[in-house]
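Engineer: The structure under discussion is supplied below as structure tokens; questions concerning it will follow.
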Amino acid sequence: MRSAKVASAPSVSARNGAVAGLGVVVMAAGLGKRMQSKKSKVLHVVAGRPMVLYAVSLAQRVAGLSIAVVVGHQGDQVKEIIDGAFGAGDERSAIHIVTQAQQRGTGHAVSQSRPVFESAGRRPPSHYLILNGDTPLLQEETVRELLRVHRSEGATVTMLTAVLDDPSGYGRVVRRRPGKGSDGSASPAVLKIVEDRDASPDERAIAEINVGTYVVDGAFLFSALDKIQPHNAQGEYYLTDIVDMAVGQGHRVVAVPLKRPDEGLGVNTRQQLAEAERVLRERIRTRWLNAGVTMVDPDSAWIDADVTIGKDTVVYPNVMLEGRTAIGEDCVLRSSSRLTDCQVGDRVEILDHCVLHESILEDEALVGPFVHLRPGVLVRRKAKVGNFVEMKKTDLGEGSKANHLSYLGDAKIGKGVNIGAGTITCNYDGARKHKTVIRDNVFVGSDTQFVAPVTIGAGAVIAAGTTVTQDVPADALAIARSVQSNREGWAAKQRALQAEGGSMREVSRPRKEAAPRRVGRVIPARMAVNLTKKRKR
């Protein structure tokens, strides 16, 4: 057979570091049986992000042409995750989801992407980068080095390898003979790759493993995939067979060993998932420490991959920053607080043991301790939310205070408002939620209930213990509570009775009224009350 023509080497374009002529295939179709999970392997989360998104994000940063993500098990869910994270890109580097309906091996998986790159009107890639959806630790600088070596060596296939203490479970790299690369470094020729389950005892003793990341010449890839056969114990089409084919056709196959073997970690088990989590979180902490963030105890800080933190922010022990949380500059995050998908301005202080979810804190806000902010909360500039306050879908105005022991839900609160201890917005009538509106400079006394929907006018005062059931005009005093009754001498009588061996009940028990007589019929309750009133007269 005539050898495939080797295309020109890829070059980096000026736009966003994309590599001209580079198409990317991400393999994300595996079931992941060793994970012992009902969930597709690539959907498992590492540092707050589904595993597959690391590979797709990396693909987006380097692809000069289209990206094909090959899905299989729970493919609809994988597609939903990718669409939600990246949306629609431009056609040049658009993400296309293709399905491997039958799990017939990695070579078969890559071949399913062919229509994406060979569609009418599209320029086919000069080179392909093949990534795995289960290698979240692989870094962009490593991929760019792989592309550089591929170009400088004039290779048809260039692959990443790693030397591990325990290579079990991985495909082994079998080399032919030592040699030198174009830069003088060791670059032994690759003879073949053997999958772990098909390896002989001697081959299993090899410590160098195939990471599963390749750069392949564009004219060679699919022509080679057309010719591979399932001659293995599993009856599958292995992508690794293109290495044998390239060697057999006299093409150059180059292996690039990883400087940090953990980058090549493929997540196939829960133990490997935990190890990937540990490595990635350590990288995240190091990145933010180098960016000017102080961590009192770095090992206890739990920071997700998509979190951002401003300079001179101080993170105390056991803080968890999750999802797409963004922290501004000069903030203080005290111990054991957890923020998920929150936006925090500059000079904000969050005290100990707070739980915040999908909320916004503007500059110089103060929150905590023991505060629970549920989704939809906006704490405006210089506002304060104190201990044991829960808020949901509430806008707390600039400089307003809810310092303790309150529930504020579905509320719009203006500037300079004081919310007294024990205040509750009664927003749910059993069927629907209703809104409470409190305008600027209102004073709300302790133990107040707002039975929504109600609106409190600017400057109004709500007396302590009031249950507000109707709108309050601006600058008015609202008071709604039972009339106080003082029984003079009661306490002295109580003490005297206790001294004689009596009890409080004998003093405080109301005198029983004589029951109305029954005259041959049952007296209705209303009539009984009327009769009682007549006797009192």
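No lab work stands behind these numbers, since they all come straight from the coordinates. Here the structure is a predicted model, which is why all the values come from computation and not from measurement. Cβ placement follows ideal geometry from the backbone for every residue including glycine, while neighbour counts extend to all protein chains displayed.
Engineer: Have a look at 206, 298, 333 and report the one farthest towards the positive end of the charge dipole of the chain, computed about the Cα centre with Cβ charges (Lys/Arg +1, Asp/Glu -1).
Structural biologist: 333
Engineer: OK, next. How high is the relative contact order of the chain? Use alpha-carbon pairs under 8 Å, at least six apart in sequence, and give a whole percent.
Structural biologist: Relative contact order of the chain: 8 percent.
Engineer: Convert each backbone phi in the stretch 303-312 into a coupling constant with the Karplus relation 6.51 cos²θ - 1.76 cosθ + 1.60 (shift: θ = phi - 60°), then list the ³J(HN,Hα) values in order as whole Hz, x for Gly and Pro.
Structural biologist: Karplus-based 3J(HN,Hα) across the stretch 303-312 equals 10, 6, 5, 9, 7, 10, 9, x, 5, 6 Hz.
Engineer: Order these by the 10 Å Cβ neighbour count, fewest first: 96, 150.
Structural biologist: 96, 150
Engineer: Neighbouring Cβ atoms within 10 Å as the yardstick, rank 126, 66 fewest first. Intermediate values should be presented prior to the final figure.
Structural biologist: On the way: 126 21, 66 25.
Least crowded to most crowded, the residues run 126, 66.
Engineer: Still on this structure, please answer the following. So between residue 485 and residue 259, what do we pick up on full extension, going 0.36 nm a residue minus the alpha carbon distance?
Structural biologist: On the way: separation 226, 0.36 × 226 = 81.36 nm, distance 8.26 nm.
Full extension of this stretch gives 73.1 nm more.
Engineer: Still on this structure, please answer the following. Compute, for the stretch 270-478, the length of the dipole vector about the Cα centre, with Cβ point charges of +1 (Lys, Arg) and -1 (Asp, Glu) only. Units Debye, rounded to 20.
Structural biologist: I would put it at about 280 debye.
Engineer: Taking amide H positions as placed 1.01 Å from N in the peptide plane, with prolines and chain starts having none, which residues 5 or more places from residue 301, or on another chain, fall under 5 Å of its amide H?
Structural biologist: Answer set, sorted by chain and number: 318.
Engineer: Shifting gears a bit: Could you pull out the trypsin sites (Lys or Arg not before Pro) across the stretch 239-308 that fall in loop regions by DSSP (anything but H, G, I, E, B) with no more than 14 other Cβ atoms inside 10 Å? All intermediate terms of the calculation are to be shown ahead of the outcome.
Structural biologist: Working: sites: 252, 259, 270, 278, 281, 283, 285, 287; in loops: 252, 259.
In loop regions of the stretch 239-308 (DSSP not H, G, I, E or B), the sparsely surrounded trypsin sites (Lys or Arg not before Pro) are 259.
Engineer: Could you go through the stretch 482-491 in sequence order and give the Karplus-derived ³J(HN,Hα) for each residue, using 6.51 cos²θ - 1.76 cosθ + 1.60 with θ = phi - 60°, rounded to whole Hz, and x for Gly and Pro?
Structural biologist: Each residue of the stretch 482-491 in turn: 5, 6, 6, 10, 10, 9, 5, x, 4, 5 Hz.
Engineer: Magnitude of the Cβ-charge dipole of the chain, K/R +1 and D/E -1, about the Cα centre, nearest 20 debye?
Structural biologist: Dipole size: approximately 3280 debye.
Engineer: Anything over 31 Å Cα to Cα? Flag those among 39/412; 311/401; 311/392; 311/415; 33/192; 227/259, in the order listed.
Structural biologist: Details: 39/412 41 Å; 311/401 28 Å; 311/392 29 Å; 311/415 29 Å; 33/192 26 Å; 227/259 34 Å.
Where the Cα-Cα span goes over 31 Å, the pairs concerned are 39/412; 227/259.
Engineer: Rank the residues 391, 51 as a footprinting-exposure proxy: fewest other Cβ atoms within 10 Å of their Cβ go first. Write out the running numbers ahead of the final one.
Structural biologist: Details: 391 28, 51 25.
The fewest-first ordering by Cβ neighbours comes to 51, 391.
Engineer: May I ask which residue of 30, 59, 18 lies farthest towards the positive end of the charge dipole of the chain, with charges of +1 (Lys, Arg) and -1 (Asp, Glu) on Cβ and the Cα centre as origin?
Structural biologist: After comparing all options, I get 30.
Engineer: Once the dipole of the chain is set up with Lys and Arg at +1 and Asp and Glu at -1 on Cβ about the Cα centre, which of 383, 100, 411 lies farthest towards its positive end?
Structural biologist: Going by the charge dipole, the pick is 411.
Engineer: Find how many whole Å separate the alpha carbon centroid of the stretch 54-125 from the alpha carbon centroid of the stretch 275-343.
Structural biologist: Between the Cα centres of the stretch 275-343 and the stretch 54-125 lies a distance of 32 Å.
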